[in-house]
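Chemist: Let me give you the structure first, and then I'll get to my questions.
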Amino acid sequence: MEVIHKIGRRKTAVARAYVSQGTGKITINKKELNTYFPTATLQYKVNQPLMLTSNDGNFDIKVNVFGGGITGQAEAIRLAISRAMCELDAENRLILKPEGLLTRDPRMVERKKFGQKKARKKFQFSKR
């Protein structure tokens, strides 16, 4: 099996996942999964597509991720791994699609407009 390369995005985070045959080792920016994402919730998000497709210890995954915060990065990695699982086996799509793991979340931070304090908040209006 050759290396499968897929990209996942979330907010401003971009993750490039390289999936190859192996023992289930996940490396993120040259660090172990447990050291890069210390909380169990974020580790679960990264492992979710592997657990649903029952490929827990079958693949080594190397991930380069940058931008955004830790939650956005974890969800970007999840999307990249989900896309790779679909390329491995077309039946995985039927498992991952109902869970919403193949949908790219388009929500981004709204830009600040001129003449306003923030994106939606305005300066205090004075009638007189």
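What follows is calculated from the coordinates using simple rules that are stated; it is not laboratory data. This one's a predicted model, so the numbers in the text were calculated from it and none came from an experiment. As a convention, Cβ positions derive from the backbone with ideal geometry for all residues, glycine included, and neighbour counts pool all protein chains shown.
Chemist: I'd like to verify something in the chain: which complete DSSP H helices, judged by Cα projection on the helix axis, reach 18 Å or more and average at least -1.0 on the Kyte-Doolittle scale? Walk me through the numbers before you get to the answer.
Modeler: Details: long enough: 70-88 (27 Å, 0.59).
Qualifying helices: 70-88.
Chemist: OK, next. So if I take the centroid of the Cα atoms in the stretch 53-128 and the same for the stretch 1-40, what is the distance between those two points in Å?
Modeler: 14
Chemist: With +1 on each Lys and Arg Cβ and -1 on each Asp and Glu Cβ, and nothing else charged, work out how big the dipole of the chain is about its Cα centre, in Debye to the nearest 20. Please list the in-between numbers first.
Modeler: On the way: 26 positive and 11 negative charges, 365 e Å.
The calculation lands at about 1760 debye.
Chemist: For the stretch 4-127, would you read off the P(r) tail past 18 Å as a percentage of all alpha carbon pairs? Could the numbers behind the result be given before it?
Modeler: On the way: 4095 of 7626 pairs.
It works out to 54 percent of all Cα pairs.
Chemist: Given a Förster distance of 25 angstrom, what is the FRET efficiency for Arg16 paired with Glu110, based on the Cβ-Cβ distance and rounded to 0.05?
Modeler: Numbers: r = 27 Å, r/R0 = 1.07.
The formula returns an efficiency of 0.40 here.
Chemist: Here's a follow-up. Run the numbers on the chain and let me know its relative contact order in percent, using alpha-carbon pairs under 8 Å that are six or more apart. Could the numbers behind the result be given before it?
Modeler: Details: 222 pairs, mean separation 38.9, N = 128.
Once normalised by length, the contact order is 30 percent.
Chemist: Could the peptides 52-59, 72-79 be put in order, highest first, of the mean number of other beta-carbon atoms found within 10 Å of their residues? Intermediate results must be reported in sequence, preceding the final value.
Modeler: Working: 52-59: 15.1, 72-79: 25.4.
Result, highest mean Cβ count within 10 Å first: 72-79, 52-59.
Chemist: Once you have the Cα-Cα distance between Leu102 and Asp60, take 0.36 nm times their residue separation minus that, and quote the gain in nm to one decimal.
Modeler: On the way: separation 42, 0.36 × 42 = 15.12 nm, distance 2.04 nm.
Result for the pair: 13.1 nm of gain on full extension.
Chemist: Taking the alpha-carbon distance from Lys11 and a cut-off under 27 Å, which lysines remain once sequence neighbours fewer than 8 residues away in the same chain are dropped?
Modeler: Cα-Cα hits under 27 Å: Lys25, Lys30, Lys31, Lys45, Lys62, Lys97, Lys112, Lys113, Lys117, Lys118, Lys121, Lys122.
Chemist: Give me the one-decimal nm value for the distance between modelled label points at Asp89 and Met51, 7 Å along each residue's Cα-to-Cβ direction.
Modeler: With each label placed 7 Å out from Cα toward Cβ, I get 1.8 nm.
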